[in-house]
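J.: First, the structure itself, so that you have it in front of you.
Coordinate-derived values only; no laboratory data. Keep in mind it's a predicted model, so treat the numbers as computed, not measured. Here the Cβ positions follow ideal geometry from the backbone for every residue, glycine too, while neighbour counts run over all protein chains shown.
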Amino acid sequence: MHESQPGAEERDLPYNVFARACPSRGTLEHVTGRWGSLTLGALYESSLRFNELRRRVDGVSEKMLSQTLQALERDGLVHREAQPTNPPRVDYDLTPLGREVATRLLDLIHCVEGRMDGVLAARERYDARRGAR
């Protein structure tokens, strides 16, 4: 293998997301799911409390955000810090791994946002061909 080949270094890794039983599949799902990617992106600039994060990730339910944060924390991407105050204060922040993943996700998010005019035009053409309204 040549080092210049795209993905050459990934082929030598002990994990393979394309294999059904590979544990990396679950983490990839947590990261790339709608709420996981938005949560990681929202935490990129600063740590946030639960309700701040819920407002930032518009549309996520309390239950779904809680489940998402637990999965990301379990995978080592998010750090949860509970302050011993009354009422309790809980802050969420990215770990170094979470920051690395969020950086890559934000590149993808910015790419999609920057190409939405083309996406919307493609949708219109597709729907017109299919007779959709």
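J.: What residue among R80, R54, R123 has the largest mean-square fluctuation in a Gaussian network model of the chain, using Cα springs under 10 Å?
T.: R123
J.: Further question: As an exercise, identify the GluC sites (Glu not before Pro) in the stretch 20-103 lying in DSSP coil whose Cβ has no more than 11 other Cβ atoms within 10 Å. Don't skip to the end; give the middle numbers.
T.: Working: sites: E29, E45, E52, E62, E73, E81, E100; in loops: E45.
Counting only loop positions with at most 11 other Cβ atoms within 10 Å, the GluC sites (Glu not before Pro) in the stretch 20-103 are E45.
J.: For the chain, modelled as a GNM with alpha-carbon contacts under 10 angstrom, which of A19, A102, A122 fluctuates the most?
T.: Result for the chain, Cα springs under 10 Å: A122 fluctuates most.
J.: Which residue, N16, N51, N86, has the most motion in a Gaussian network model of the chain that connects Cα atoms within less than 10 Å?
T.: N86
J.: Moving to a separate point now. Quick one: if you stick a label point 7 Å off each Cα along the C-beta vector at R20 and M64, how many nm between them?
T.: 2.9 nm
J.: If each DSSP helix of 4+ residues adds -39,500 (n - 2.57) and the sum is divided by the residues in the chain, what number results at 222 nm, nearest 500 deg cm²/dmol? Before the final figure, lay out each step's value.
T.: Details: 7 runs with 77 residues, N = 133.
Theoretical 222 nm ellipticity from helices: -17500 deg cm²/dmol.
J.: Same structure again: Between F50 and L28, what length comes free when the chain is fully extended (0.36 nm per residue of separation minus the Cα-Cα distance, one decimal in nm)?
T.: Values: separation 22, 0.36 × 22 = 7.92 nm, distance 2.29 nm.
Taking F50 through L28 to full extension adds about 5.6 nm, to one decimal.
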